[in-house]
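Reviewing the structure listed below.
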Amino acid sequence: MTQYSSTIQWLYEQIPPYQFKGSNSYKPGLSRIKNFLKFLGNPESNLKFIHVGGTNGKGSTSHMLSSIIQESNRKVGLFTSPHIFDFRERIKVNSNKIKKQFVIDFIEKNKDYFLSKRNSFFEISFAMAISYFKIHKVDYAVIEVGLGGRLDATNVIQPLLSVITNIGFDHTKFLGDKITSIANEKSGIIKKNIPVLIGEKNQETDKIFIEKAKRESSKIFFTEDFIYSDFYFSVKANYQRKNMSTAFAAIKILFGNKITNDIFKRGILNLRVNTLLRGRWEKVSNKPLVIADVAHNEEGFNEVVSEINRIEAQRKIFVLGFVRDKPVEKIIKLFPKDGTYFFSSPKISRGLSLDHLDLILKNADINYQIFESIQEAYKRALNYASKEDFIFVGGSNFTVSEILKP
């Protein structure tokens with residue numbers, strides 16, 4: 001095991017991330033991260049931030065913004081979560097993941113502090129990212145909100161622009177089970193005299209954002225007020241058009257015509273090269289067509305299933321694995337009844353147990369089998385499929401990570 005691997009393993013064991021342990025790892029509040037950043041010498045000061053929150057699409061939108069700004073010959077720091085393969089995916093400068101040695105040194109130098117102060121895994125990751133961006137003198141830092149907004153560790157920054165992609169039902173245990181209560185939490189990233197962009201209009205939530213923006217004397221924009229006629233080029237999935245539209249509006253608010261439509265287009269076309277983004281309607285093979293996507297909540301699956309319904313194939317086959325805190329019964333109802341389903345559970349402690357999964361599926365009225373591992377389920381799907389069939393792999397980041405290759 002390398003020094004980097006042992007360092008990350010130690011961190012996972014000492015302070016398990018939310019993606020592994022769920023609610024036990026969630027620590028809302030800003031005081032711990034403020035104190036940690038102060039201990040580090042306030043590396044966030046003088047950095048130019050773009051803050052991206054919302055329920056779905058905030059990761060894709062953050063990556064798009066990074067790629068577009070890179071194409072204008074600027075250096076961009078990008079902080080997102082969770083990762084698919086390796087912790088270093090969370091922290092990037094342009095197309096380069098954070099250096100392994102920096103991760104090792106940062107944890108070694110600061111572990112006494114963050115262990116004694118009981119900082120969360122997310123707070124440590126975020127503080128590391130800010131320190132890295134400061135050292136690399138990035139021109140802009142795009143920061144994706146972790147969970148919620150108001151009490152999320154990233155909410156200590158003073159951005160040039162706040163972006164809220166949309167509002168949907170996810171993490172209701174922490175954010176509330178009403179769309180308005182979730183919107184209230186997400187609106188927490190709206191700050192005094194800092195403009196905010198709302199990605200999708202919604203009658204219930206718009207008034208919350210408008211009222212909060214008014215209280216903070218912040219100018220509010222809506223994505224649909226920005227028109228770009230040359231949008232739908234090289235878009236792998238229609239649902240990404242919404243994220244692209246929001247990225248376009250954000251770029252116009254921040255840069256006006258200094259970033260041209262040609263630069264914007266290059267940013268989208270070079271998204272994978274510039275940011276290493278994975279798992280968004282990603283094609284794994286052609287015959288059969290295999291698509292993997294990290295959608296993991298009801299609204300996300302609504303978009304993905306709409307995309308699946310547009311695909312013409314002899315048969316549609318699904319390899320799915322979920323974590324415990326998702327409304328699996330509701331999600332399964334979104335999928336086509338005539339599909340063939342191969343289920344398992346991702347190899348993490350948050351994975352939905354196979355027994356519990358079987359109880360849910362008995363009432364689902366679909367043709368399914370359950371396997372001991374995602375790999376086994378995927379192998380069975382490949383053996384079952386003909387070249388004219390379609391296979392979808394998803395359910396969570398972890399399911400996708402077990403199929404895609406780094």
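Computed quantities for the displayed model
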quantity	calculated
Ala313 among the aliphatic types (A, V, I, L, M) and crowded, with 23+ Cβ neighbours inside 10 Å	no
The stretch 284-336: number of residues that are touching a Lys or Arg at 6+ places or on another chain (Cβ under 6 Å) and of a type in the set (Asp, Glu)	1
Identity of the residue in the stretch 256-275, among the hydrophobic types (A, V, I, L, M, F, W, C) and crowded, with 17+ Cβ neighbours inside 10 Å, that ends up nearest to Val294 (Cα to Cα)	Leu271
Residue in the stretch 228-241 that is at pLDDT below 95, part of a helix (DSSP H, G or I) and touching a helix residue (DSSP H, G or I) at 6+ places or on another chain (Cβ under 9 Å) present	yes
Qualifying position, being within 20 Å of Leu271 (Cα to Cα) and among the hydroxyl-bearing types (Ser, Thr, Tyr), among Ser45, Ser60	Ser60
Odd one out for Ser396 among (1) without any contact (Cβ under 8 Å) to a residue 40 or more places away in the chain; (2) under 25 Å from Asn243 (Cβ atoms)	(1)
Residue list for the stretch 374-402, restricted to those being among the hydroxyl-bearing types (Ser, Thr, Tyr), assigned to a loop (DSSP other than H, G, I, E, B) and within 24 Å of the chain's Cα centre (by Cα)	Ser396
Scan of the stretch 166-198 for residues that are at pLDDT 95 or above, in a loop (DSSP other than H, G, I, E, B) and within 21 Å of the chain's Cα centre (by Cα), ordered by number	Ile190
Condition check for Phe106: surrounded by 24 or more Cβ atoms within 10 Å (Cβ to Cβ) and either more than 23 Å from Asn243 (Cα to Cα) or assigned by TED's automatic domain parsing to the domain that holds Thr165 (or both)	no
The one condition in (1) in contact (Cβ under 8 Å) with a residue 60 or more places away in the chain; (2) out of contact with any Ser or Thr (no Cβ under 9 Å at 6 or more places or on another chain); (3) within 16 Å of His296 (Cα to Cα) that Phe335 fails to fulfil	(1)
Residue within the stretch 87-99 that is of a type in the set (Asp, Glu) and touching a His at 6+ places or on another chain (Cβ under 9 Å) present	yes
Selection from the stretch 356-393 of residues that are without any contact (Cβ under 8 Å) to a residue 60 or more places away in the chain, of a type in the set (Val, Ile, Thr) and within 20 Å of Gly300 (Cβ to Cβ)	Ile360, Ile366, Ile374
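So that you can scan it fast, the table gives a plain yes or no per residue for (1) more than 24 Å from Arg74 (Cα to Cα); (2) touching a residue at least 12 places away in the same chain (Cβ under 8 Å); (3) among the β-branched types (Val, Ile, Thr); (4) not assigned by TED's automatic domain parsing to the domain that holds Gln240:
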position	(1), (2), (3), (4)
Ser116	yes, no, no, no
Asn119	yes, yes, no, no
Ile143	no, yes, yes, no
Ile164	no, yes, yes, no
Ile182	yes, yes, yes, no
Gly199	yes, yes, no, no
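Conditions (1) within 29 Å of Ile179 (Cα to Cα); (2) buried (at least 22 other Cβ atoms within 10 Å of the Cβ); (3) touching a helix residue (DSSP H, G or I) at 6+ places or on another chain (Cβ under 7 Å), marked per residue:
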position: Val294; (1), (2), (3): yes, yes, yes
position: Asp325; (1), (2), (3): yes, no, yes
position: Lys330; (1), (2), (3): yes, no, yes
position: Gly339; (1), (2), (3): no, no, no
position: Ser344; (1), (2), (3): no, yes, yes
position: Asp358; (1), (2), (3): no, no, no
position: Tyr368; (1), (2), (3): no, no, yes
position: Ala377; (1), (2), (3): no, yes, no
position: Arg380; (1), (2), (3): no, no, no
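The values are calculated or read from the model by the stated rules, or taken from the named source; none is laboratory data. This is a predicted model, so every value here is computed, not measured. All Cβ positions, even for glycine, are placed from backbone atoms using ideal geometry, and neighbour counts span all protein chains on display.
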